[in-house]
Structures are given as C-alpha cells and as structure tokens.
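Comments concern the structure below.
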Amino acid sequence: MVLGGEHVGTVDGPGLAWLPAAEAPEGEWVWLGEQGGRRHAAVVVEGRVAPELNPTSVRLLAPQLDPDELSLAVHAVAIARWLAATPFCPRCGARTEVQQSGHLRHCPECGASHFPRTDPAVIMLITDDQDRALLGRNPAWPEGRFSTLAGFVEPGESLEDAVRREVREEVGVTVGEVTYGASQPWPFPASLMLGFFGKATEATITVDRDEIAEAAWVTREELVRYGEAGTLLLPPSGVSISSWLIEAWLGKDLTASWY
C-alpha cells in the first residue's frame, strides 16, 4: 500500500492498490501483518501519492472498501501519522530511530522506547424522554451539517462520566443513564472512538458557542424529512460510528450524507 497523508493508492472497484515490494516507491516501510495468506506492508511517502496510483482519501474510500482492506488502511494511516508527529524523544529531545517495522521509535541517546498511542474519545447519541435525538453542529462546519456529540476522555475519568461531562459542557444538557454501544478506531489523528447511548434527565439546550455552534432535539420523522430536503446533513453511513449510533436509534440507514 502506498500512503501519503491520509491518501492511499487505489484501483477501480474500488479497492486499495497493492504493489509488489520491488515496485514500491521510496519511503518509510510499515509492517501491517498477514491477511488471506499474504503479507502486507505500507510505504509512507513524503508529499502526495503518485497520480498514476489514483490517490484517494481513506475517509472517502471507507464506505466502499472491504472490511479487511479498510482495517489495513486505517492501521497504516494511524501508524503513519504517529511516525510523522513524533520524530524526537519526549524525554531528552534527541532524534529517534524507527524500529520494529514502524511500530516503535527508539531514542539512541537516553534509551527510551516509544510506542504508538491511542487517545480514548467518547461519542454519544443522547435521547430525551420523548425519544428525540440530540445533534450538534461544530462552528467550523457549514450550515446544516450535524452529528452526535463527542469529546476526549480526561485523566482519572470513567467513560460514562466523560459522556456526561462533555454533553453538559457543550450543550448544557444533563445526562443520567449511559450505556455502551460499540467502538471504532479513528486515525484522524489517533483516537479510539467509544460509542455510547445516553438518557437526558434535563433537556434544556444551552450551547457553549465554542465547540458547538448550535444543537437541537430531532424526532425520527424530522430527521428523515430534513434529510430528504437537504437541510440536514449527517455523517455518511458506514464511515463513522456517529452514523452507526444515529442509525441504531433511527432504525434504518441514513441517506442525508455529508458527501
């Protein structure tokens, strides 16, 4: 696999473009593992992937890839981002050396070994006593683009408390019961998204205007109607756990996609 940033080489189908090792361009090699009896690796190139390999963002490619290929692509992007972000030792500041096929950075000065990190983040679909879903819009997003709320877990905090805190901070809603749904690795940049469902005990919305520009409670009928009208755009089905959470509540696939 040839990787530059979050773009990978692709073929029609669509799928990932797998080159024989001898034909791989120069770059940092990352071992991805064995799958289907074949050994897979990625070559992380500087700059962009060559145009003849039809580079495509993993974000856009995700809903069209076979799950096995998607897991390899996500792993490669996560490791590549970590390698790019950590050239120096956080202990002594010396330049580190890449070892273990891209999965370790070793410091030759102080001897420290540094491994890829994953930051836990909660993402939640909150409902009220009328079974309406809570959606919010980030200030950087265009009008009409909404998603579930999310945020990083703080040190010493349980996942359930992280859900309650983030919702309270961002939109002023108080959450009681919290139940786990599913998880998803998200290498943009290095997160493990932990999906939850939560029940609001007090539903008055007061947005913080910092992380959330606007938020609203929507019924299933409103979500479908606004989506069909194009006034409500949601995370594309099959890409983010956000869409999975919404679809689990909605009872069917989303059609009002960002792209």
State all residues of segment 37-68 that are surrounded by 15 or more Cβ atoms within 10 Å (Cβ to Cβ) and more than 11 Å from Val239 (Cβ to Cβ); if no residue qualifies, say none. His40, Ala41, Ala42, Val43, Val44, Val45, Val49, Leu53, Asn54, Pro55, Thr56
Scan segment 68-80 and tell me whether some residue there is free of Cβ contacts under 8 Å to residues at least 12 places away in the same chain and farther than 20 Å from Ala42 by Cα. no
What number goes with the only condition from (1) surrounded by 15 or more Cβ atoms within 10 Å (Cβ to Cβ); (2) in a helix (DSSP H, G or I) that Glu228 does not pass? (1)
Inside segment 144-180, the number of residues satisfying the requirement of being of a type outside the set (A, V, I, L, M) and either under 17 Å from the mean Cα position of the chain (by Cα) or within 26 Å of Pro236 (Cβ to Cβ) (or both) is 11
Could you grab the pairs with beta carbons closer than 8 Å, sequence gap of 6+ or different chains, first residue in segment 119-132 and surrounded by fewer than 24 Cβ atoms within 10 Å (Cβ to Cβ) and at pLDDT 95 or above, second one of a type in the set (Ser, Thr, Tyr) and in a strand (DSSP E or B)? Pro120/Ser191; Ala121/Ser191
Residue check: is Arg59 under 14 Å from the mean Cα position of the chain (by Cα), among the charged types (D, E, K, R) and part of a helix (DSSP H, G or I)? yes
Counting only residues that are in contact with a Cys (Cβ under 6 Å, 6 or more places away or on another chain) and surrounded by 15 or more Cβ atoms within 10 Å (Cβ to Cβ), segment 69-103 contains a total of 2
From Glu52, Glu26, Glu69, which residue is in a loop (DSSP other than H, G, I, E, B) and of a type outside the set (Phe, Trp, Tyr)? Glu26
Of the conditions (1) surrounded by fewer than 16 Cβ atoms within 10 Å (Cβ to Cβ); (2) charged (D, E, K, R); (3) farther than 30 Å from Pro236 by Cβ; (4) touching a strand residue (DSSP E or B) at 6+ places or on another chain (Cβ under 9 Å), Glu23 clears all except one; give me its number. (4)
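The values are calculated or read from the model by the stated rules, or taken from the named source; none is laboratory data. From a predicted model like this one, the values you see are computed outputs, not experimental measurements. As a convention, Cβ positions derive from the backbone with ideal geometry for all residues, glycine included, and neighbour counts pool all protein chains shown.
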